[in-house]
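> Submitted below is the structure of interest, expressed as structure tokens.
The values are calculated or read from the model by the stated rules, or taken from the named source; none is laboratory data. Just so it is clear, the model here is predicted, and its values are computed rather than measured. Using ideal geometry, Cβ is built from the backbone for each residue, glycine included, and neighbour counts are taken over all protein chains shown. Quick note on the areas: whole protein, heavy atoms, side chains included, nothing else; ligands and nucleic acids left out. Shrake-Rupley method; radii C 1.70, N 1.55, O 1.52, S 1.80 Å.
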Amino acid sequence: DQQVKQNSPSLSVQEGRISILNCDYTNSMFDYFLWYKKYPAEGPTFLISISSIKDKNEDGRFTVFLNKSAKHLSLHIVPSQPGDSAVYFCAASPYSGAGSYQLTFGKGTKLSVIP
Amino acid sequence: SQTIHQWPATLVQPVGSPLSLECTVEGTSNPNLYWYRQAAGRGLQLLFYSVGIGQISSEVPQNLSASRPQDRQFILSSKKLLLSDSGFYLCASSQEWGLAGHSGANVLTFGAGSRLTVL
């Protein structure tokens, strides 16, 4: 049962254009959403996150949009650069206080930015 | 900031052999520790997590086990490897409160990973 879904396994975008990576989730208990970027043979690195009380969070070229009613979020990269070529994972977590935290990851979308 | 050391980076093992992957964390104390696996064509699957020494929670029934003998050490083991154990194993760490700026999200810091091939 895939609670976090990234339905596009791959995406190709021209350098300078916008990259839009999509993510859907099914668990209504999820309150925090994160995007990770992963290069081959390396661990994922945190990119940007958003809380369910917001619908947009921006950090430089990266913006994450959250549509809670549709259980959908997207990552926009503008402008796309060749160095952005990587696998992007969407992840989600329910609200929790003290104690352990768990992230549920999607299968990832491989972004290729063409020079 | 946290730094995660994970080894070995690459491992080729025959079916039925034992496994030990080690992970140590620097720059933090009392972290939550995790083992994830990325199998071919699949996402990141949580295998184990630990909130303290000797405290291990397993997310999926499997051929693997985990141990946390020290606060910042996490070990993934198997007594007899299966072909299906092949994959990319990632150790991760988070602070107890898992805050990431204003969002409060649980930001995991990952190690560089260990590529396991079982033949």
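> Can you tell me which residue within the stretch B:4-35, out of those that are without any contact (Cβ under 8 Å) to a residue 60 or more places away in the chain and not charged (D, E, K, R), is farthest from A:Cys90 (Cα to Cα)?
Checked the stretch B:4-35; the qualifying residue farthest from A:Cys90 (Cα to Cα) is B:Ser20.
> Residues being farther than 17 Å from A:Val113 by Cβ and touching a His at 6+ places or on another chain (Cβ under 8 Å): count how many of those fall in the stretch A:52-65.
2
> Does any residue of the stretch B:74-81 turn out to be hydrophobic (A, V, I, L, M, F, W, C), open to solvent by less than 20 Å² (accessible area, probe 1.4 Å) and at pLDDT below 90? I'd like the intermediate steps shown before the answer.
Initially, the stretch B:74-81 is screened for residues hydrophobic (A, V, I, L, M, F, W, C), giving B:74-76, B:81.
Now narrow it down to the ones that are open to solvent by less than 20 Å² (accessible area, probe 1.4 Å): B:74, B:76, B:81.
When the remaining residues are screened for being at pLDDT below 90, the result is none.
The answer is no, given that none of the residues of the stretch B:74-81 is hydrophobic (A, V, I, L, M, F, W, C), open to solvent by less than 20 Å² (accessible area, probe 1.4 Å) and at pLDDT below 90.
> How many residues does the stretch A:31-75 hold that are surrounded by fewer than 21 Cβ atoms within 10 Å (Cβ to Cβ) and in contact (Cβ under 8 Å) with a residue 60 or more places away in the chain?
1
> Say whether the condition of being over 21 Å from B:Tyr36 (Cβ atoms), surrounded by fewer than 18 Cβ atoms within 10 Å (Cβ to Cβ) and more than 10 Å from every other protein chain (Cβ to nearest Cβ) is met by at least one residue in the stretch A:107-114.
Yes, that holds for at least one residue.
Per-residue answers, yes or no, for (1) of a type in the set (Val, Ile, Thr); (2) open to solvent by 60 Å² or more (accessible area, probe 1.4 Å); (3) modelled with pLDDT under 90; (4) part of a strand (DSSP E or B):
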{"position": "B:Glu22", "(1), (2), (3), (4)": "no, no, no, yes"}
{"position": "B:Asn30", "(1), (2), (3), (4)": "no, yes, yes, no"}
{"position": "B:Tyr34", "(1), (2), (3), (4)": "no, no, no, yes"}
{"position": "B:Arg37", "(1), (2), (3), (4)": "no, no, no, yes"}
{"position": "B:Pro61", "(1), (2), (3), (4)": "no, yes, yes, no"}
{"position": "B:Pro69", "(1), (2), (3), (4)": "no, yes, no, yes"}
{"position": "B:His102", "(1), (2), (3), (4)": "no, yes, yes, no"}
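> Turning to a different aspect of this structure: Counting residues that are touching a Leu at 6+ places or on another chain (Cβ under 6 Å), which strands (runs of 3 or more DSSP E) fully inside the stretch A:2-115 reach at least 1?
It comes to A:10-14, A:19-25, A:30-38, A:45-51, A:62-67, A:72-77, A:86-94, A:109-114.
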